[in-house]
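Report on the following structure.
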Amino acid sequence: MLWSLLKITIFVALIAAATLGAGYLMETSGGIRLSVANTEFTLGPLQSVVAVLLLVLALWILFKLVGLLVAILRFVKGDETALTRYFDRNRERKGYQALSDGMVALASGEGRLAMAKAEKAERYLHRPELTNLLTAQAAEMAGDHTRAQEVYKTLLQDDRTRFVGIRGILRQRLAEGDTDTALALAQKAFELKPRHNEVQDVLLKLQADDGDWAGARRTLDAKLKSGTLPRDVHKRRDAVLALATARSGAQGDGVSGDAAIEANRLAPDLVPAAVLAAETYIDRARPRYATKVLKTAWDAEPHPDLAAAFARIDPEETPAQRINRFRALVKSNPDHPESRMLMAELHIANEDFPEARRALGDLVTTHPTARSLTIMAAIERGEGADDSVVRGWLTRALTAPRGPQWICDNCHHLHGHWTPVCGNCHAFDTLAWREPPTGEVAMPNSTDMLPLIVGRPDASGSGAGTPALSSGGTAAIETRGPVAEEVVPPAEPPARSEKDTDKDVEDAEIAAASDTDRSDEELPPSAIPPSSPAASSENEGDETVEGDAPHGKTVGMAMPRVMPDVEPPTRRQA
């Protein structure tokens, strides 16, 4: 407000001063006389002032025209002038507008349009470090990989864009599956920018795929120094790389053993490292260190491989001695399913089947797996149960979950053993010991195979999965294991004549005589309990189930040690 008032005051003052000046000049006598070519001009004071102002304006216009003429001459000669700068600014504005439109088209997924805008921007800007990058990315999006590769090679010629060109060609080689060339390019990119996170990850993955464990450890250390990897993750992955070095055996047995011990020191809960370190201590006659390593790993995560390595510490011990020694291993987590199944297996080896059943507990109902159901079948066989009962448990094992396995957290691929790199997606350090997401096992025509395993289903429809009764008769069914006893009452026999009764007596005497003859014959291998020395000497990890097949043939099925639910099996009671 005050400023506006001040400006008005100044303007009025200037007008007043000009008016006073003009009045003063009007009142002043005299003037200026000019004589040109015998012509005299007389100018009054006010006219003189106006003439001077017009003269100044004319001179200014003259100087501007002369400057314009000089600029035109310099423009014709090719020198930089204000005129060229005007046209340059116009081209620059159009070029950046085309570059902006190309980036928008690239973000929208319009590769061809982005390439056209990039070419237009190059015509206006002449900035290849900007437009070539847009052209390469647009060509990749449009599927023109040849054009993209040409542009990336062009970027290699400039020091400012060399890393961008190497990275672009590296991505193309990875997409094509050319890992050898990609590894060389990743190493070159790592030399240019050792702190680049993406280059570090790609180089580490390629080195792990190639088995260059020493180079992978150097890359891992670089990631730790650059701050892109937490220290605990670095320690875990360094242990994995040390374990891979030990398993490769490329540095000799002594150095490989030291690498295994180092891997176990870095990650005591890594099961393969603990197993290999324990084997190294066993080979060096240091069983106490092996026991300590295995107990530490078992406390973190019970695993069958740890139990197998723990057994190799004293291979000459008796089954009873082994049970006593393993109690110290499983005492930290005795209720873990792996601990319960392990103790059940040890009692089976000791032929103490009631104790094996107590050790297994209710695992077959609360958490049934193929392994626990197979162990239950072995217990039933050892206790002298009927073959139909054993086949019933093994039938459940066919479709039960397999239990924990080595599974890739990245692609969920199942592996038979631990590896540092996933065999499916080639991800590094992604295998974990856990149960698969689904426990169902799809088997073709599995329901058609059940009669071959457990016999013909009960005609009375007493329940799915119940072992078949003998044809033509009735019997009491005693359910084994966790299922309560169920007695099927015998059917009322039809009225029989005295002649039929005499005939039945004669048939019974003939059947008794034939049974006596068969008892003198040698028992088939399937009748030998699995816990006996004869059965344990062969097929140690498998069970064989035989059933009656059509046309009088015998069908055999191999039961894996770790297998996949049908109703609980039952035992027939005479």
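The values are calculated or read from the model by the stated rules, or taken from the named source; none is laboratory data. Predicted model only: the values in this text are computed from it and were never measured. No Cβ is skipped: glycine too gets one built from the backbone with ideal geometry, and neighbour counts run over all protein chains shown. Calculation scope for accessible area: heavy atoms of the full protein, side chains included, ligands and nucleic acids excluded. Shrake-Rupley method; radii C 1.70, N 1.55, O 1.52, S 1.80 Å.
In table form, for the structure just shown:
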| quantity | calculated |
| --- | --- |
| Contact order normalised by residue count of the range 144-212, Cα under 8 Å, 6+ apart, percent | 21 |
| Accessible area of Met141 in the full protein assembly, 1.4 Å probe (Å², nearest 10) | 90 |
| Sequence ranges 123-129, 169-175, 68-74, ranked by mean other-Cβ count within 10 angstrom, highest first | 169-175, 123-129, 68-74 |
| Arg112, Arg327, reordered so the largest accessible area comes first (probe 1.4 Å) | Arg112, Arg327 |
| Farthest positive-ward along the range 144-212 dipole, Cα basis, beta-carbon charges - from Thr161, Ala208, Thr179 | Thr161 |
| Length added when fully stretched, His367-Lys235, from 0.36 nm per residue minus Cα-Cα | 44.1 nm |
| Inter-label distance, nm, simple model (7 Å from Cα along the C-beta direction), Arg147/Thr419 | 4.0 |
| Computed E for Lys94/Asp201 - FRET, C-beta separation, R0 30 angstrom, nearest 0.05 | 0.15 |
| Apportionment of accessible area to carbon and sulfur, the range 218-362, percent (1.4 Å) | 50 |
| Gained length - Ile72 relative to Thr179, 0.36 nm times residue gap less alpha-carbon distance | 32.5 nm |
| Violating pairs (Cα-Cα greater than 19 angstrom) within the set Lys153/Lys205; Lys94/Lys153; Lys94/Lys117 | Lys153/Lys205; Lys94/Lys153 |
| Heavy-atom accessible area order for Lys77, Lys188, largest first, 1.4 Å probe | Lys77, Lys188 |
| Full-stretch length increase - Ala214, Ser48 - with 0.36 nm per residue and alpha-carbon distance subtracted | 50.1 nm |
| For the range 1-127, size of Cβ-based charge dipole, Lys and Arg +1, Asp and Glu -1, in debye | 480 |
| Protein-only accessible surface order, largest first, of Asp362, Asp352 at 1.4 Å | Asp362, Asp352 |
| Peptide ranges 87-93, 256-262 listed from the most packed, as the mean C-beta count within 10 angstrom indicates | 256-262, 87-93 |
